[in-house]
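Scroll down for the structure; my scribbles are underneath it.
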């Protein structure tokens, strides 16, 4: 495998997939692994309060325009990570047929202004991304 290209997906690309992408890009040191994120549906801009919270607490930046899933993303990636409990795996059925991996993290949507809940959900995503990075680095060593 020459390069691993990960697409983190959630419903609107406003929190879960953006947190996963930002954290992944912060901790990943392997230049053969790239990541980006998108939502099944392009969402409203991320709230400033949320971007400030994550920047202050964890040093990650999720600001910027949300991205809706498109055909370029689908053809670019070779691993899709669904970071949502409200995005069905069936959407990526064709990817599996093409030999691409689909991983599902059932993470609930964060539609609250409660900072403690947002921090807890972000930490849950971080633990999952940590495991993914370790697994992918192991796989690259064996190729």
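Every number in this text was worked out from the coordinates using simple rules, so none of it is lab data. If you're wondering where the values come from, they're calculated on a predicted model, not measured in any experiment. Glycine gets a Cβ as well: all are built from the backbone with ideal geometry, and neighbour counts include every protein chain shown.
Miscellaneous remarks
- Only Cα pairs under 8 Å and 6+ residues apart enter the sum, and on that basis the relative contact order of the chain stands at 28 percent.
- Cβ-Cβ FRET estimate between residue 111 and residue 135, R0 fixed at 30 Å, reported to 0.05: 0.50
- Packing around the peptides 113-120, 34-41, 9-16, taken as the average count of other Cβ atoms within 10 Å per residue, puts them in this order, highest first: 9-16, 34-41, 113-120.
- Relative to the dominant Cα principal axis of the chain, helix 48-58 is inclined by about 70°.
- Rounded to the nearest 500, the helix-only mean residue ellipticity at 222 nm of the chain stands at -13500 deg cm²/dmol, with each DSSP H run of n ≥ 4 adding -39,500 (n - 2.57).
- On Cα atoms only, tilt of 16-27 relative to the major axis of the chain in degrees: 70
- Taking a ≥ b ≥ c as the square roots of the eigenvalues of the Cα gyration tensor, the stretch 1-67 is classed as oblate, since a/c reaches at least 1.5 and a/b does not exceed b/c.
- Kirkwood-based Rg to Rh ratio, the chain, C-alpha trace: 0.95
- Cα gyration tensor shape of the stretch 91-143, rounded if a/c is under 1.5, else prolate or oblate by comparing a/b with b/c: oblate
- Here the relative contact order of the stretch 17-80, from alpha carbon pairs under 8 Å that lie six or more residues apart, stands at 36 percent.
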